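Remarks on the structure that follows.
The values are calculated or read from the model by the stated rules, or taken from the named source; none is laboratory data. Owing to the predicted nature of the structure, the values given are computational and were not obtained by experimental measurement. Quick reminder, even Gly has a Cβ in these numbers, built from the backbone with ideal geometry, and neighbours come from all protein chains shown.
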Amino acid sequence: MISEIPCHAPELDGLDISHLLPPPTPPLEPSLLQESPLRNDKDPGVPLPVLGLLEGDTEDLASTATAHDAEISSPAHHADYESRVKRLGRQLAHTADICPEIISSTRIASPEDGLSEKLGSLDRRQVYCGLGSGGHASHICLNEDERITHVAGVSFDVDSVTGFPSSLAIAKQGIRWSPTQMPVSDLQSNLHLCPREVHYLDMAGNQRRVHRPVHQIPHYTFSRLIGFEDVSLYLLFPNLYREEQKSSRLRDEDFRTWMDGLLLPIIHNHYSNSHVQHYPSSYDHSKHNATARGIEMLAQRVHPIAREQQLMYYLPPESLGAVWASIQLAVQRPGFHHFRDVTVLLQAKNLKVLTKDITWSQTMARFQSYWTHAIDEEHLKLRRSVTKR
């Protein structure tokens, strides 16, 4: 328990404390701004007080201010302004030789270089504060260095193209086929497409069906189009989706089954011996071809290239439709059901510079010159979105 302790203040009624108080503040007086002609010549920063102005006095002030404004806008004033104002580039060139050049040095300065001794106090004031020898700062006008050289206008371009072809026969000029997977897929976004349905078995063995964006569906880059190399064809495998997957890349065992059991036999069946003699005969063959150069360079203790090359082979257009039709039949056979619903995804991006022009008709003419040369639109439903820039 805390008891109250009485406290008594000393008697202050008769104590004189005036010597402890600050001096009284003088009353404020109306004054003119620094731009007023009635400035104190001895100290320009201190305006003269204006007390008891009458109407006639204010008229005199107004006329004096008008005369002062006219003096500011006179040619003599402009000449004085131009003599006092500097361009930023001229100021930088003027101070360039004052301090040591360290930006272009290939090493970090050390105390032995004595940089602090090479820059005097006056030089520091000029470099860091812009103060000249007289203690006055330079007036820098950035507008003197700014010059507008380009006129804004309107341009059009085709940024990207995406679609789901119904067949590999979409390639008029053929394709450059890749028999191996890329280490990291270049399909890293949903391409603004609606999620697609995938099927998988959960941990309890139950069949599940969900929707996922295209870049999360197991896939690999199948080929690029001859005549329009910016266009890639991907194969999506919605039935290879796994709940626990960390990557959309096909597992090696699935890709081996796809190559040795379906794709390579079909390609060898539809193309002549003069063509297939240049193609890999198996998954292992294609894998060894892709890594042979890197292993050879590794043995020589040099690493000028990646360990695995992305080799590509030309497939003529005449048999692409038959190859796709055979794939659709083969995935229905026992042992290949997990490849069912395989889908072709067409995608091209970064076409702005290739197709940019000043009118929409000229832009489309540029785009169509590539598109119609390489794409058979009978196997693709088109939907275009236009953005004006």
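Summary table
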read-out	value
Failed item, numbered, when M259 is tested on (1) over 22 Å from E229 (Cα atoms); (2) modelled with pLDDT under 90; (3) assigned to a helix (DSSP H, G or I)	(2)
Region 272-293, residues that are in contact (Cβ under 8 Å) with a residue 24 or more places away in the chain and small (G, A, S)	S286, A290
Residues satisfying the stated conditions in region 202-242, i.e. out of contact with any Gly (no Cβ under 6 Å at 6 or more places or on another chain) and among the β-branched types (V, I, T)	V210, V214, I217, T221, V231
Among (1) within 28 Å of K349 (Cα to Cα); (2) among the hydrophobic types (A, V, I, L, M, F, W, C); (3) surrounded by 15 or more Cβ atoms within 10 Å (Cβ to Cβ), the one test that L262 misses	(1)
Positions within region 204-220 being surrounded by fewer than 20 Cβ atoms within 10 Å (Cβ to Cβ) and either part of a strand (DSSP E or B) or touching a strand residue (DSSP E or B) at 6+ places or on another chain (Cβ under 7 Å) (or both), in sequence order	Q207, R208, R209, V210, H211, R212, Y220
Region 180-222, residues that are within 15 Å of K349 (Cα to Cα), in contact (Cβ under 8 Å) with a residue 40 or more places away in the chain and touching a helix residue (DSSP H, G or I) at 6+ places or on another chain (Cβ under 9 Å)	S185, L187, L191
Pairs with Cβ under 8 Å, 6+ apart, first in region 109-131 and under 17 Å from D97 (Cβ atoms), second modelled with pLDDT of 80 or more	L115/A109
Positions within region 340-362 being of a type outside the set (S, T, Y) and assigned to a helix (DSSP H, G or I), in sequence order	K352, V353, L354, W360, Q362
